[in-house]
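Peer 1: Sharing a structure, written as C-alpha cells. Questions coming.
FYI, it's all coordinate maths here, none of it is from the lab. Bear in mind that the values here come from a model prediction, so they are computed numbers and not experimental data. We place every Cβ from the backbone using ideal geometry, glycine too, and count neighbours over all the protein chains shown.
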Amino acid sequence: MTSNELSIADVSARTGLSRDTLRWYESEGLIPAVPRNSAGVRRYDDPTVRMIDLLVRLRRTGMPVAAMRDFVTMVGQGARTHGRRMRLLQDHREEIESRIRELADDLDAVDVKIGHYRELIDAGQDCAEQPIIDPDELDEQRRTH
C-alpha cells in the first residue's frame, strides 16, 4: 500500500463509519469500487476518502441517500454537472438552515422551561422528590384503605 492509500480499518477510524457501512456505501454506488491489492485488501485513495468525508457530512445533516447517490452520479459525469451539483447542495443548505432555526426555537423553549423550574426552586416551591406512582397502583391503594 502506498503512503496515500488507506485500508478499510484506517478509513473506518478516520470517518467513524463501520467497515460494514463502508462496504455498503461501495455496494450502493455511493463511492466507486475500491481497488484491492494482491491480497484482496481494499486500498482507498485520497479522492475516495474525501468523498466519504463529504458523504458522512451530508448524511449527518439529513441528506437522503437517494440525493447523495444523485450527487455522486453527477460527480462521475464530470464538470458539465457543476451547476446541478451546486443547486443540489444549495437546496440542501436551505434545509439545514431551516433545521437550525427549528432547533434554535426548540432550545429556547427548553431554556424557558428550565428558567421556570429554577424560579420555582429559588422561591422555595421545590417539593421533596417523591416516587412516581403508577395510576393503577394508586387505585389499588385507595381500594384497600
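Peer 1: Among the candidates R93, R43, R69, which residue alone is in contact with a Pro (Cβ under 9 Å, 6 or more places away or on another chain), closer than 30 Å to E26 by Cβ and basic (K, R)? Outline the logic, then answer.
Peer 2: Numbers: R93 fails: in contact with a Pro (Cβ under 9 Å, 6 or more places away or on another chain); R69 fails: in contact with a Pro (Cβ under 9 Å, 6 or more places away or on another chain).
Every option except R43 fails the conditions.
Peer 1: Follow-up. So L17 ticks every box in (1) among the aliphatic types (A, V, I, L, M); (2) over 19 Å from G76 (Cα atoms); (3) in contact with a Phe, Trp or Tyr (Cβ under 8 Å, 6 or more places away or on another chain); (4) assigned to a helix (DSSP H, G or I) but one. Which box is left unticked?
Peer 2: Unmet for L17, out of (1) among the aliphatic types (A, V, I, L, M); (2) over 19 Å from G76 (Cα atoms); (3) in contact with a Phe, Trp or Tyr (Cβ under 8 Å, 6 or more places away or on another chain); (4) assigned to a helix (DSSP H, G or I): (4).
Peer 1: Taking D122 as meeting all but one of (1) surrounded by 11 or more Cβ atoms within 10 Å (Cβ to Cβ); (2) over 26 Å from A9 (Cβ atoms), write down the number of the exception.
Peer 2: All conditions are met except number (1).
Peer 1: Here's something else I'd like to know. Return the residues of segment 63-109 that are among the charged types (D, E, K, R) and either in contact with a helix residue (DSSP H, G or I) (Cβ under 8 Å, 6 or more places away or on another chain) or under 18 Å from R50 (Cβ atoms) (or both); say none if nothing qualifies.
Peer 2: Filtering segment 63-109 for residues among the charged types (D, E, K, R) gives 69-70, 80, 84-85, 87, 91, 93-95, 97, 99, 101-102, 105-106, 108.
Within segment 63-109, R69, D70, R84, R85 qualify.
Peer 1: Can you find even one residue in segment 11-22 that is surrounded by 13 or more Cβ atoms within 10 Å (Cβ to Cβ), in contact with a strand residue (DSSP E or B) (Cβ under 8 Å, 6 or more places away or on another chain) and among the polar types (S, T, N, Q)?
Peer 2: No.
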